Amino acid sequence: MHIGQHAPAEHVIAHVSDTHVGAGTTVYGRIRAAEQLRTVMDRIVEIAPDAIVFTGDVADAGESAAYETVRSIVEPAADRIGAEVVWVMGNHDARAPFARHLMGVEADPDAPLDHVTELDGLRIVAIDTTIPGYHDGRLSAAQLDWLRDVLASPAPHGTVLAMHHPPIPSHMPLMTVIELADQHQLAEAVEGTDVRVILAGHYHYSAHSTLGSVPVHVGSSTCYVVDTGADPRGMHAVDAPVAFDLVHVHADRVVHSSVPVSPGALVLDYPVESLDHVSAMTAEVRRETFARASADIDAIALVRGDTLGG
């Protein structure tokens, strides 16, 4: 059901990044990353997206126990809503246990975990930007060739490219030490293809940019965030409000929305029945009831069922 100018999205993706679940109870002695992931999945179940994409640093130190914890949280929730789960390697992850516990396959620690998921016409390509033993990222010539081969045939609804290291600048100089190398090579590989958006993580803050003509969206972290307003000569990770993102893939565009992991106190409430009431109105009545600047109180009364309008 829609009442605006645009048809509903063809695909909805929950973009989750940098969960940093550890084998122990807390991360950095205070952050309960697993509990925060449970809250994330509870919210995702309510939204019921078509897919859930995790863009890396799933575990804090690549421990098997951490991946088992993540799987025990994510898998039942995804099964409940029938959502595809796409796992992307991050620099804190370890390929062999990552593949074994999350993907159900055995992997060569020296071979990147690149794979493709088809989602009713939308193609999601996960590409592994990690370098074992290091926190910066790169894509090998073989990986770029593989990506070109995949993209040589367009998908009906286009391609979402998911990776950990963002192929964009950071305004924090220290981040450049752990950035993706040779970003221009990836730009050349995706230019002119059906890649509609690149999803990434790693920075622990939300950011938007482009790689050539391709939009790039960097998801925040569900564990801890980097204070982007602090003096950029340093880098400060804080136990602050964390979030995941929704990616609405429309026929002609992609829209990103940030979802707080823990919603704040309710200050204004339009109940879910609102859409039924509003849809029953003519466009003119709808505009007068909701768009007129002095109509706020009337609108709230209306959606609570006090009056319906004609």
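What pairs come up if the first residue lies in the stretch 224-247 and is small (Gly, Ala, Ser), the second is exposed (fewer than 15 other Cβ atoms within 10 Å of the Cβ), and their beta carbons are under 6 Å apart, counting only those six or more places apart or on different chains?
Final answer for the pair search is Ala230/His236; Ala243/Ser258; Ala243/Pro260.
I'd like to check something: does the stretch 62-76 contain any residue that is in the same structural domain as Ser153 (by TED's automatic domain parsing), touching a Gly at 6+ places or on another chain (Cβ under 9 Å) and surrounded by fewer than 19 Cβ atoms within 10 Å (Cβ to Cβ)?
Among the residues of the stretch 62-76, at least one is in the same structural domain as Ser153 (by TED's automatic domain parsing), touching a Gly at 6+ places or on another chain (Cβ under 9 Å) and surrounded by fewer than 19 Cβ atoms within 10 Å (Cβ to Cβ), which makes the answer yes.
How many of the residues making up the stretch 233-249 are surrounded by 15 or more Cβ atoms within 10 Å (Cβ to Cβ) and not in a strand (DSSP E or B)?
2
Looking at the stretch 1-93, what strands (runs of 3 or more DSSP E) fall wholly within it and have at least 3 residues that are free of Cβ contacts under 8 Å to residues at least 60 places away in the same chain?
84-88
Examine the stretch 124-139 for a residue that is in a helix (DSSP H, G or I), in the same structural domain as Gly212 (by TED's automatic domain parsing) and in contact with a strand residue (DSSP E or B) (Cβ under 7 Å, 6 or more places away or on another chain), and state whether such a residue exists.
No; the residues of the stretch 124-139 include none that is in a helix (DSSP H, G or I), in the same structural domain as Gly212 (by TED's automatic domain parsing) and in contact with a strand residue (DSSP E or B) (Cβ under 7 Å, 6 or more places away or on another chain).
Within the stretch 155-169, does at least one residue satisfy the condition of being closer than 28 Å to Tyr205 by Cβ, in contact with a His (Cβ under 8 Å, 6 or more places away or on another chain) and β-branched (Val, Ile, Thr)?
No, the conditions are met nowhere in the stretch 155-169.
Name the one entry in Val116, Val85, Val160 that is out of contact with any Leu (no Cβ under 9 Å at 6 or more places or on another chain) and closer than 21 Å to Ile52 by Cα. Explain how you work it out, then say what you get.
Numbers: Val85 fails: out of contact with any Leu (no Cβ under 9 Å at 6 or more places or on another chain); Val160 fails: out of contact with any Leu (no Cβ under 9 Å at 6 or more places or on another chain).
Step by step, each of Val116, Val85, Val160 is checked, and only Val116 is out of contact with any Leu (no Cβ under 9 Å at 6 or more places or on another chain) and closer than 21 Å to Ile52 by Cα.
Can you find even one residue in the stretch 110-130 that is more than 17 Å from Ser17 (Cα to Cα), β-branched (Val, Ile, Thr) and modelled with pLDDT of 95 or more?
Yes: the stretch 110-130 contains one or more residues that are more than 17 Å from Ser17 (Cα to Cα), β-branched (Val, Ile, Thr) and modelled with pLDDT of 95 or more.
Let me spell it out: the conditions are (1) in contact with a Gly (Cβ under 6 Å, 6 or more places away or on another chain); (2) under 24 Å from Glu84 (Cβ atoms); (3) in a helix (DSSP H, G or I), and Asp149 meets all of them except one. Which number is the exception?
Going through the list (1) in contact with a Gly (Cβ under 6 Å, 6 or more places away or on another chain); (2) under 24 Å from Glu84 (Cβ atoms); (3) in a helix (DSSP H, G or I), Asp149 breaks only (1).
Residues to consider are Glu84, Glu63, Glu68; find the one that is in contact with a His (Cβ under 9 Å, 6 or more places away or on another chain) and among the acidic types (Asp, Glu).
One residue alone meets the criteria, Glu68.
Which members of the stretch 99-113 meet the condition of being crowded, with 19+ Cβ neighbours inside 10 Å and assigned to a loop (DSSP other than H, G, I, E, B)?
Selection gives Pro112, Leu113.
How many of the residues in the stretch 122-149 are aliphatic (A, V, I, L, M) and surrounded by 19 or more Cβ atoms within 10 Å (Cβ to Cβ)?
Selection size over the stretch 122-149: 7.
Would you confirm, using the coordinates I've provided, whether Ala96 is surrounded by fewer than 22 Cβ atoms within 10 Å (Cβ to Cβ), in contact with a Lys or Arg (Cβ under 6 Å, 6 or more places away or on another chain), among the aliphatic types (A, V, I, L, M) and without any contact (Cβ under 8 Å) to a residue 24 or more places away in the chain?
no
The values are calculated or read from the model by the stated rules, or taken from the named source; none is laboratory data. These numbers come from a predicted model, not from an experiment. Cβ: placed from backbone, ideal geometry, glycine included. Neighbour counts: every protein chain shown.
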